[in-house]
Amino acid sequence: MAIIIARNLTKKFKELTAVDNISLEIEEGECFGLLGPNGAGKTSIIRMITAVSPVTHGDIWVMGKDLKRYPREVKAILGVIPQMDNLDEDLTVIQNLLTFARYFAIHKDVAYRRSLEILHLMKLEGKRDSRIEELSGGMKRRLLIGRGLINAPKIIILDEPSIGLDPQARHMVWQKLRELKAQGVTQLLCTQNMEEAARICDRVAIIHQGRIVDIDTPQGLVAKYMGSQIWEIDLVSVERDSIISELESRRLEFEEFSGIIHVFSTDNKLIEGLPGTARAATLEDVFFKLTGRSLVE
Ligand SMILES: Nc1ncnc2c1ncn2[C@@H]1O[C@H](COP(=O)(O)OP(=O)(O)OP(=O)(O)O)[C@@H](O)[C@H]1O
Ligand SMILES: [Mg+2]
């Protein structure tokens with residue numbers, strides 16, 4: 001059963017259409033990723049689904065509840081981790097958690113117990129009574145993620161969960177997300193981190209200029225758009241024009257960027273004798289193919 005349904009969702013800011021008539025169904029228990037370049041509309045989608053920003057057109061249902069009619073009920077079901085840190089600088093770490101619990105009318109004893117669990121989960125026990133300004137950027141991020149769990153949500157929505165985290169903390173967060181998924185918590189996240197999407201998402205939607213370009217499993221997208229491998233020819237060590245005419249005469253599909261030619265072919269015969277190296281195709285290749293290589297802004 002779909003736990004989140006978005007139908008014909010549109011978000012306009014004056015004349016700018018940030019989200020352009022998208023439809024999505026997120027299944028209970030899955031981890032669903034929104035992947036797209038800066039300004040693609042990911043945060044705008046998430047802000048509508050979390051009832052933070054009004055919908056211009058379209059409908060959203062969360063666990064069968066119409067968001068327009070039941071915004072407070074929907075908010076109570078969701079755990080939300082925003083893109084920007086909005087921790088209360090005047091409070092300590094534990095006070096941030098306890099205060100946040102009050103928005104959900106969680107009983108004091110339960111809130112205290114859960115706060116300690118969250119500090120343990122996010123490895124912040126040692127910072128329990130520290131003020132927010134005493135935390136590093138990564139610690140704030142972990143606290144923000146933990147805070148989103150205070151209402152023991154059935155669905156968590158994360159906007160760029162691992163931004164600003166070092167590799168250790170990033171892997172820790174991915175592990176926690178996998179554990180939550182194993183407990184049946186549905187996850188919707190947006191990210192620009194391809195590794196994150198490929199590792200933790202069951203399905204991803206590639207978003208470009210407010211629209212969904214495609215939705216599939218990470219492996220499905222790679223297989224569909226890229227095949228299994230990519231042949232890379234570094235132009236530093238070869239003569240560009242002759243290699244390009246060679247590729248053209250072999251009728252190979254290729255692209256040149258950042259001084260490297262990328263040949264998209266799974267047929268080893270066609271590549272035989274060319275300089276270069278093979279590497280496995282990744283979600284990042286799909287991302288570039290579907291959203292372009294240049295900066296949009
Ligand atoms: N409050 C706002 N007022 C006006 N325009 C906005 C507002 N919020 C977002 N936009 C515009 O909507 C578009 C989509 O922005 P959004 O924040 O949803 O992108 P994003 O995919 O989350 O990007 P990023 O990866 O940079 O976080 C952008 O063109 C942005 O400038
Ligand atoms: Mg964003």
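Any idea which residue in the range 135-175 is farthest from the chain's Cα centre (by Cα), counting only those that are within 16 Å of ligand 1 (Cβ to nearest atom) and on the phi > 0 side of the Ramachandran plot?
For the range 135-175, the residue satisfying everything is Gly164.
Do we find a residue being crowded, with 16+ Cβ neighbours inside 10 Å, near ligand 1 (Cβ under 10 Å from one of its atoms) and not hydroxyl-bearing (Ser, Thr, Tyr) anywhere in the range 49-68?
No, every residue in the range 49-68 fails to be crowded, with 16+ Cβ neighbours inside 10 Å, near ligand 1 (Cβ under 10 Å from one of its atoms) and not hydroxyl-bearing (Ser, Thr, Tyr).
Tally up the residues in the range 248-297 that are among the charged types (D, E, K, R) and touching a residue at least 60 places away in the same chain (Cβ under 8 Å), please.
Residues flagged as among the charged types (D, E, K, R) and touching a residue at least 60 places away in the same chain (Cβ under 8 Å) within the range 248-297 amount to 4.
Does the range 104-127 hold any residues that are exposed (fewer than 15 other Cβ atoms within 10 Å of the Cβ) and touching a Leu at 6+ places or on another chain (Cβ under 6 Å), and which are they?
Result: Glu125, single match.
Just the residues that are over 15 Å from the mean Cα position of the chain (by Cα) and within 16 Å of ligand 1 (Cβ to nearest atom), please, taken from the range 69-89.
Asp85, Asn86
Can you tell me which residue within the range 176-195, out of those that are hydrophobic (A, V, I, L, M, F, W, C) and assigned to a helix (DSSP H, G or I), is nearest to ligand 1 (Cβ to nearest atom)? Before the answer, list the steps.
From the range 176-195, those hydrophobic (A, V, I, L, M, F, W, C) are 177, 180, 182, 185, 188-190, 194; that's our starting set.
In the following step, the residues that additionally are assigned to a helix (DSSP H, G or I) were identified as 177, 180, 182, 194.
Details: Leu177: 19, Leu180: 23, Ala182: 28, Met194: 13 Å.
Restricting to residues being hydrophobic (A, V, I, L, M, F, W, C) and assigned to a helix (DSSP H, G or I), the top hit is Met194.
On the given criteria, is Leu97 within 30 Å of Asp129 (Cα to Cα), at pLDDT 95 or above, over 19 Å from the mean Cα position of the chain (by Cα) and of a type in the set (A, V, I, L, M)?
Numbers: within 30 Å of Asp129 (Cα to Cα): yes; at pLDDT 95 or above: yes; over 19 Å from the mean Cα position of the chain (by Cα): yes; of a type in the set (A, V, I, L, M): yes.
Taking the combined requirement at face value, the residue satisfies it.
Checking Arg170 against (1) away from ligand 2 (no atom under 14 Å from the Cβ); (2) buried (at least 23 other Cβ atoms within 10 Å of the Cβ), which test does it fail?
All conditions are met except number (2).
Starting from the range 24-49, take each residue that is among the charged types (D, E, K, R) and list its partners that are near ligand 2 (Cβ under 8 Å from one of its atoms), counting only C-beta distances under 9 angstrom and pairs at least six apart or across chains.
As it stands, the answer is Lys42/Gln83; Lys42/Asp159; Lys42/Glu160; Lys42/Cys190; Arg47/Asp159, since those pairs meet every condition given.
Scan the strands (runs of 3 or more DSSP E) fully inside the range 1-99 and keep the ones with 1 or more residues being within 14 Å of ligand 2 (Cβ to nearest atom).
2-13, 16-27, 31-35, 78-81
The values are calculated or read from the model by the stated rules, or taken from the named source; none is laboratory data. Everything quoted here is computed from the prediction, not taken from an experiment. Cβ coordinates were reconstructed from backbone atoms using ideal geometry, including for glycine residues, and neighbour counts include every protein chain displayed.
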